[in-house]
Amino acid sequence: MNITLKDGSIIEAENGTTAEQIAKTISEGLYRAALVARVNGEIIDLKTPLTGDCTLEILTYKDDEGREVYRHTAAHILAQAIKNVYPAAQLAIGPATATGFYYDVDLPFAITLDDLEAVENEMKEIIAADLPIEREVVTRKSALAQMQGYNESYKMQLIQELPARSKITFYRQGNFVDLCRGPHLASTGKVKHVKLTQLAGAYWKGDEHNKMLTRIYGVAFEKKSEVEEYLAKLAEAKKRDHNKLGRDMGLFMTEERVGQGLPLMMPKGAKMIQIMQRFVEDEEERRGYMLTKTPYMAKSDLCKLSGHWDHYRDGMFIIGDEVMDDEVLALRPMTCPFQYMIYKNGLKSSRDLPCRYAETSPLFRNESSGEMHGLTRVRQFTLADGHIVCTPEQLENEFKGCLDLCEYMLGTFGLREDIFYRFSRWDPKDREKYIYEPKKWKEAEDTMKTILDDLGVEYVEGIGEAAFYGPKLDIQSRNVYGKEDTLLTIQVDMFLAQKFDMTYVDENGEKKTPYIIHRSSIGCYERTLALLIEKFGGAFPLWISPEQVRVMSLTERTADKCKALTDELKRRGILATVDNRNEKIGYKIREAQVDKVPYMLIIGDKEAEQNVVSVRHRNEPLGTMTFDEFYVKIRTEIDTKDLGIKG
């Protein structure tokens, strides 16, 4: 057979030759580094026999697919170690992650981080043993019998749920066998360095109605230095984790009696959201948006018309029962149907378009317990929402305006460099999730792709990530741990205007159906605040800081002066507080630094006598200046939305 390599060269080999053998003929170095192979575009084990002419690429740790298989094999090593240390454990699933792996297990008792040391040591023993990893194709009957013998009920459930004609494969390493489609490394010794990092709870299959399992996280790297570097980054991430830092700083809290996914914004956090909201609303108005205010709930009739009842009902909070009650209501998961009704109030001509509607919208989504986290995924949140109704000819220019607004907002808040773009498309095979009109989907996606390409937007594609009514440009971000979330979105909708009988009269007097753009200018305020906490480590730029200046008395004699200066700052629109406590000034300064207050003014007898203020940035002293000089300095920082403050 002829094997075509990545560089285009062709090697002749006998049928049944493995990729591992080919790698060895190319070079000893490649053979040692080889992890898996790509054959005719498919990732396979190195030991899989090759049959017939094919293309072949040997993959190493330097390749994304190589690293993924490396870490997936580490997950199997973790599973084997768990079974060796805790024989009564039942295994669920164990995939690779961006930096490592995890495994969900059902344990008959709780374990702590301290208990992971024994599991990690066992993993290292398995790696040192360099056990061959062998693939086995088994029948459904044999697979069920084996897993029943191992008392692996979760694996049995997974096998039973596989389609009837599925090829079922096991991977064996030593005395351990696991259900897996693969591929895997040739032996356990190919994994070099692992470290278990975290314990968490996880519902089986992510369903809160199922049993809570124990999720064990770990990382896997080729070099020890990579592990050390990752752990250092993890330690820094924990310091910046908004879920901890935001609580420590008194920005938000949660209360069990209020409910999960329902954070309480404390005065400082509420002030930050208010600053953000005022800025966003003013900028939207400057760009031609008209403000709306719509109800928090609606009859099910509206949700049925929009399609949310069919495609999104599980994510909604329903009030009432369709069988028992005459009227069933739902808390709104989005505002689009409400703004469509406003558009329909009166006949529109092409001269009235585009219509740009914007609203600061409290929204409600019934997130599962396992998905909720801090401020990034909650059940009630506030969205800078908006919809543009336009003619087909206006679509590209309006889309460009939406993108410009999003990028302006991200730049102003200091998040521009931390995002990437995803063109989210539908999955034609998922008929339940989407309005199933393939021709319209093709038109919508082709139109959006043309717009993105014309604008020079660099993006990745996400199949199956579209809204049920149209494709999206999702602006993606990552938290301090690398978890990806959607921050902003711009959506092209060619379906709902027709469903709602939205029309306009064109220049020829004919009724036409408009296009709709769904967009958010800064996304969910709570999620954006979470990113800001992590981005700045709580040391916010002056203009969005909930406390901008703290005035401190050096002695009791200057307390009245400090109070007067604080009142004047407040009168001029500065968020100022006074600290006239009978404490040493060093203690007051340290406390303000812990609170990450941008500026401190210290007033002693000398400053009061000379009518100046001693200014200190949260990181360093700046010397003395007059009050007006200080005010001009900070007013300039605030008005220019300066992000350059140290911290």
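The values are calculated or read from the model by the stated rules, or taken from the named source; none is laboratory data. Since the structure is predicted, the reported quantities are computational estimates derived from the model, not experimental observations. In this analysis, Cβ positions are derived from the backbone assuming ideal geometry, glycine residues included, and neighbour counts consider all displayed protein chains.
For region 223-247, what are the residues that are hydroxyl-bearing (Ser, Thr, Tyr) and either at pLDDT 95 or above or part of a loop (DSSP other than H, G, I, E, B) (or both)? Selection gives SER225 alone.
Go over the candidates ILE603, ILE533 one by one and state the one that is more than 30 Å from ARG286 (Cα to Cα), crowded, with 17+ Cβ neighbours inside 10 Å and in contact with a helix residue (DSSP H, G or I) (Cβ under 9 Å, 6 or more places away or on another chain). Answer to the check: ILE603. Taking the criterion of being of a type outside the set (S, T, N, Q), at pLDDT 90 or above, farther than 20 Å from LEU302 by Cα and buried (at least 24 other Cβ atoms within 10 Å of the Cβ), would at least one residue in region 508-519 satisfy it? Scanning region 508-519, I find at least one residue that is of a type outside the set (S, T, N, Q), at pLDDT 90 or above, farther than 20 Å from LEU302 by Cα and buried (at least 24 other Cβ atoms within 10 Å of the Cβ), so the answer is yes. Any chance region 9-19 includes a residue that's crowded, with 17+ Cβ neighbours inside 10 Å, in contact (Cβ under 8 Å) with a residue 60 or more places away in the chain and not assigned by TED's automatic domain parsing to the domain that holds VAL194? Checking region 9-19: not a single residue is crowded, with 17+ Cβ neighbours inside 10 Å, in contact (Cβ under 8 Å) with a residue 60 or more places away in the chain and not assigned by TED's automatic domain parsing to the domain that holds VAL194. In region 18-32, the condition of being in contact with a helix residue (DSSP H, G or I) (Cβ under 8 Å, 6 or more places away or on another chain) and within 25 Å of LYS233 (Cα to Cα) is met by no residue. Entry remark, region 101-137: residues being on the phi > 0 side of the Ramachandran plot and free of Cβ contacts under 8 Å to residues at least 24 places away in the same chain number 0 in total. Restricting region 537-554 to residues that are assigned to a loop (DSSP other than H, G, I, E, B) and in contact with a Pro (Cβ under 9 Å, 6 or more places away or on another chain) leaves a set whose member that is surrounded by the fewest Cβ atoms within 10 Å (Cβ to Cβ) is ALA539.
Residues satisfying the criterion are absent from region 402-412 (criterion: in contact with a strand residue (DSSP E or B) (Cβ under 6 Å, 6 or more places away or on another chain) and over 30 Å from PHE536 (Cβ atoms)). Here is the figure for region 262-302: residues that are in a strand (DSSP E or B), in contact with a helix residue (DSSP H, G or I) (Cβ under 8 Å, 6 or more places away or on another chain) and modelled with pLDDT of 95 or more total 2. You will find that of GLY259, GLY250, the residue that is more than 25 Å from GLY370 (Cβ to Cβ) and not in a helix (DSSP H, G or I) is GLY250 and no other. On the basis of being at pLDDT 95 or above and among the hydrophobic types (A, V, I, L, M, F, W, C), does VAL594 make the cut? Taking the combined requirement at face value, the residue does not satisfy it. Here ASP325 fits the description: at pLDDT below 95, surrounded by fewer than 14 Cβ atoms within 10 Å (Cβ to Cβ) and of a type in the set (Asp, Glu). Restricted to region 379-471, the set of strands (runs of 3 or more DSSP E) holding at least 3 residues that are hydrophobic (A, V, I, L, M, F, W, C) comprises 380-390, 419-425.
Taken over region 534-560, the residue count meeting the criterion of being of a type outside the set (Gly, Ala, Ser) and in contact with a Ser or Thr (Cβ under 7 Å, 6 or more places away or on another chain) is 3. Residue count for region 555-579, restricted to those that are more than 10 Å from LEU601 (Cα to Cα) and assigned to a helix (DSSP H, G or I): 13. With respect to the conditions (1) among the β-branched types (Val, Ile, Thr); (2) touching a strand residue (DSSP E or B) at 6+ places or on another chain (Cβ under 7 Å); (3) in the same structural domain as TRP204 (by TED's automatic domain parsing); (4) over 14 Å from PHE221 (Cα atoms), THR55 falls short on a single one, namely (3).
Just one of the listed residues (PRO333, PRO337) is at pLDDT 90 or above, assigned by TED's automatic domain parsing to the domain that holds LYS499 and out of contact with any Ser or Thr (no Cβ under 9 Å at 6 or more places or on another chain), namely PRO333. Hey, could you check region 125-161 for residues that are among the basic types (Lys, Arg) and in contact with a helix residue (DSSP H, G or I) (Cβ under 9 Å, 6 or more places away or on another chain) and say which is farthest from PHE221 (Cα to Cα)? The qualifying residue farthest from PHE221 (Cα to Cα) is ARG140. Out of region 183-200, which residues are crowded, with 19+ Cβ neighbours inside 10 Å and either in contact with a Cys (Cβ under 7 Å, 6 or more places away or on another chain) or not polar (S, T, N, Q) (or both)? Matches in region 183-200: PRO183, HIS184, LEU185, ALA186, LYS190, VAL191, VAL194, LYS195, LEU196. Considering region 125-164, the residues that are small (Gly, Ala, Ser) and within 28 Å of VAL36 (Cα to Cα) include one that is surrounded by the fewest Cβ atoms within 10 Å (Cβ to Cβ), namely ALA128. Residues in region 40-90 that are of a type in the set (Phe, Trp, Tyr) and either within 27 Å of GLU226 (Cα to Cα) or surrounded by 22 or more Cβ atoms within 10 Å (Cβ to Cβ) (or both): 2 in all.
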